[in-house]
Amino acid sequence: HKIDGPVYIRMLRGEVSRIFPKDEPFVLNTARILSTGSDITLITSGIMTEEALRAIPLLQDRGVSVSHLHVSTLKPFTDPRIISALKSAKQGIITMENHSIIGGLGSAVAEVMAENGIGVPLQRIGLKDTYAHGASQKYLMAEYLMDAQALIRAVENSIGRKLNIDEAELEEQRSVTVHSSAKAEAL
């Protein structure tokens with residue numbers, strides 16, 4: 001309502017998790033810094049942030065230093081904290097988004113990396129250039145390699161070693177409270 005211009009509203013089906021407090025609204029072009037580190041810079045958006053939050057404690061327990069930023073908006077994409085976090089990554093940069101990697105968060109990060117001469121590998125977790133089918137969120141995220149386990153594999157690829165984190169350990173990390181179980185179809 002307060003934005004002079006186009007807006008985008010996205011509603012999820014099924015359970016919606018609340019990651020951030022109600023009294024802490026997002027701000028355009030301002031990433032939320034969720035952890036700081038120097039091995040990997042991870043930038044997430046939407047429901048992928050919850051998946052990342054499942055994996056990060058296990059990564060840190062195994063000695064991987066992760067800088068994690070949550071991005072709520074992609075336009076504009078000039079937050080200097082993003083550039084700083086990208087420059088601090090020694091072993092790799094990973095993006096996680098719950099839609100096509102083409103033209104989304106990963107593409108925006110790739111552009112910032114190119115424009116700033118940041119020369120570490122970038123891995124984009126999201127829907128590859130394919131036609132997807134319908135199913136449950138959990139199933140689709142695993143099927144299209146968009147879940148916490150996919151993040152673990154991407155980190156292992158970046159650092160060049162196995163971390164031996166299994167699905168049981170990741171399941172134990174589910175700690176985000178569910179905000180609503182309302183279905184979009186019922187609204």
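The values are calculated or read from the model by the stated rules, or taken from the named source; none is laboratory data. Everything numeric here is computed off the predicted structure, so don't read it as measured data. Cβ atoms come from the backbone with ideal geometry, glycine included; neighbour counts cover every protein chain shown. The accessibility values were calculated without ligands, DNA or RNA, using every heavy atom of the protein model including side chains. Shrake-Rupley method; radii C 1.70, N 1.55, O 1.52, S 1.80 Å.
Worth pointing out:
- Cβ-Cβ contacts under 6 Å between residues 6 or more apart (or on different chains), taken from a first residue in the range 133-151 that is of a type in the set (Asp, Glu) to a second residue that is open to solvent by less than 30 Å² (accessible area, probe 1.4 Å), are listed as Asp147/Glu51; Asp147/Met141.
- Residues of the range 84-108 that are touching a strand residue (DSSP E or B) at 6+ places or on another chain (Cβ under 7 Å), open to solvent by less than 30 Å² (accessible area, probe 1.4 Å) and more than 18 Å from Ile47 (Cβ to Cβ): Ala85, Leu86, Ala89, Gly92, Ile93.
- Subset of the range 67-99 (residues that are touching an Asp or Glu at 6+ places or on another chain (Cβ under 7 Å) and without any contact (Cβ under 8 Å) to a residue 60 or more places away in the chain): Lys90, Met96
- Residue check, Thr78 among the polar types (S, T, N, Q), within 29 Å of Gly117 (Cα to Cα) and exposed (fewer than 13 other Cβ atoms within 10 Å of the Cβ): yes
- Candidates Gly106, Gly117, Gly160: the one that is under 13 Å from the mean Cα position of the chain (by Cα) and at pLDDT 95 or above is Gly106.
- Verdict on Ala154 being among the small types (Gly, Ala, Ser), open to solvent by less than 70 Å² (accessible area, probe 1.4 Å) and at pLDDT below 85: no
- Number of the exception - Gln137 against (1) in contact with a helix residue (DSSP H, G or I) (Cβ under 7 Å, 6 or more places away or on another chain); (2) under 29 Å from Pro25 (Cβ atoms): (1)
- Extreme residue, modelled with the highest pLDDT, among residues of the range 8-45 that are farther than 22 Å from Ile94 by Cβ, open to solvent by less than 90 Å² (accessible area, probe 1.4 Å) and assigned to a loop (DSSP other than H, G, I, E, B): Leu28
- Test: residue in the range 128-139 that is modelled with pLDDT under 95, crowded, with 20+ Cβ neighbours inside 10 Å and either closer than 20 Å to Val64 by Cα or of a type in the set (A, V, I, L, M) (or both): no
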